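Computed from the coordinates by the stated procedures, all read-outs in this text should not be read as laboratory data. It should be emphasised that the depicted structure is a prediction, and the values quoted were computed from it without experimental measurement. All Cβ positions, glycine included, derive from the backbone under ideal geometry; neighbour counts span all protein chains shown.
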């Protein structure tokens, strides 16, 4: 089921969203679906770029998957990091905006999030062991590129050119870190090499060498024709830009390359960010700051939103109906690239038989799951890529409809007249 992404927000007058770039710095979750979008991005580099191969020595049991897709509901959260919102909105009369819907340049958005679950406790991405930290990192650090459904877009890199085995980035002129150190090709080289040391940033191992062409131009030479993989990685933690001069204290006192910088952090309680005065694109973020407020999953999320303890947060699917009925709370929804799936082992009975796997496809009522779990706001999924993205295969379409009689007949033909049991 392909869940939609959603954010609940307090807005009695339902006035409009906080102007931000499509990247959604304030609410982007760490569940960035990298593998799902890589193939679409490869075409930007060169149609001949080869698919990514598994890490040498890695063992992967054969398996098949049954997608239970849904387009993520307004206010629901079903991604690996607990939520995957991708839109923002003002809270009328809150600390971040006015009743007219105009953001207060000195206002602070209070965003409810489970910091204990989503933040790894370090402000150095190279030391993070939790990809969910992307939620907070993306407000502090610009990556070279920004992600999209079918392509990547400029961010701290104003433009780029690519061949299958090389990528040249041209940086935003005059960009600086929050400590006023300039962002240059040399700092990009140092930052990438620093983050490359993390065992979680495997895509960076494709970078064989980095050449500083001039202060605003840097070229990556790759050891394989996988420019698409590296381009996509540059939209994520892999491509976040750190000030090499600030690395000795970077775990607790980061120098930001993004729109906000750290003001205060209370472990497990809150993280307060203030506008970065040196940010190269300050007009894109008309706020004084952002405060990530600890809110654990469950009923307390709705209570925090309704009481005004937070201005916005991602909601669980089961809370959608209740929140929708609240007069002073709005819900913002957008399509998601996430999907829910059922995985089976192809090297173990009964799913080592392709006939049984095919029967399973017809035995699952995707529409009923969508209605029960996502209030009907999702999309039944039959492949990893949603409609409207470059990876969507029209020939697959909605191939498997719910046909329980056909599933039973297929199981009987496969030697299972009484069905199969599995856990």
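With the Cα gyration tensor of the range 174-289 giving a ≥ b ≥ c as the square roots of its eigenvalues, does the rule (a/c under 1.5 for rounded; else a/b larger than b/c for prolate; else oblate) give rounded, prolate or oblate?
prolate
What relative contact order, as a whole-number percentage, does the range 157-221 give when Cα pairs under 8 Å and 6 or more residues apart are counted?
It rounds to 35 percent for the range 157-221.
What is the spin-label model distance, in nm, from residue 211 to residue 102 if the labels are put 7 Å beyond Cα along the C-beta direction?
Once both label points are built, they end up 5.2 nm from each other.
Arranged by the count of other C-beta atoms within 10 angstrom, fewest first, what order do 423, 184 take?
Going from sparsest to densest Cβ surroundings: 423, 184.
Neighbouring Cβ atoms within 10 Å as the yardstick, rank 234, 240, 410, 342 fewest first.
342, 410, 240, 234
Assuming R0 = 41 Å, what is the FRET efficiency of residue 326 and residue 405, from their Cβ-Cβ distance, to the nearest 0.05?
0.45
Please rank 364, 396, fewest neighbouring Cβ atoms within 10 Å first, as an exposure proxy.
If I rank by nearby Cβ atoms, fewest first, I get 396, 364.
Given a Förster radius of 22 Å and the C-beta distance between residue 117 and residue 249 as r, what FRET efficiency does 1/(1 + (r/R0)^6) yield to the nearest 0.05?
Rounded to the nearest 0.05, the efficiency is 0.30.
Between residue 303 and residue 223, what is the label-point separation in nm under the 7 Å Cα-to-beta-carbon projection?
5.3
Inverting the mean 1/r over all pairs of different Cα atoms, compute the Kirkwood radius of the range 206-360 and quote it in Å.
21.0
Using only the Cα atoms of the range 160-216, build the gyration tensor, take square roots of its eigenvalues as a ≥ b ≥ c, and label the shape rounded, prolate or oblate: rounded if a/c is under 1.5, else prolate if a/b is larger than b/c, else oblate.
Verdict is oblate for the range 160-216.
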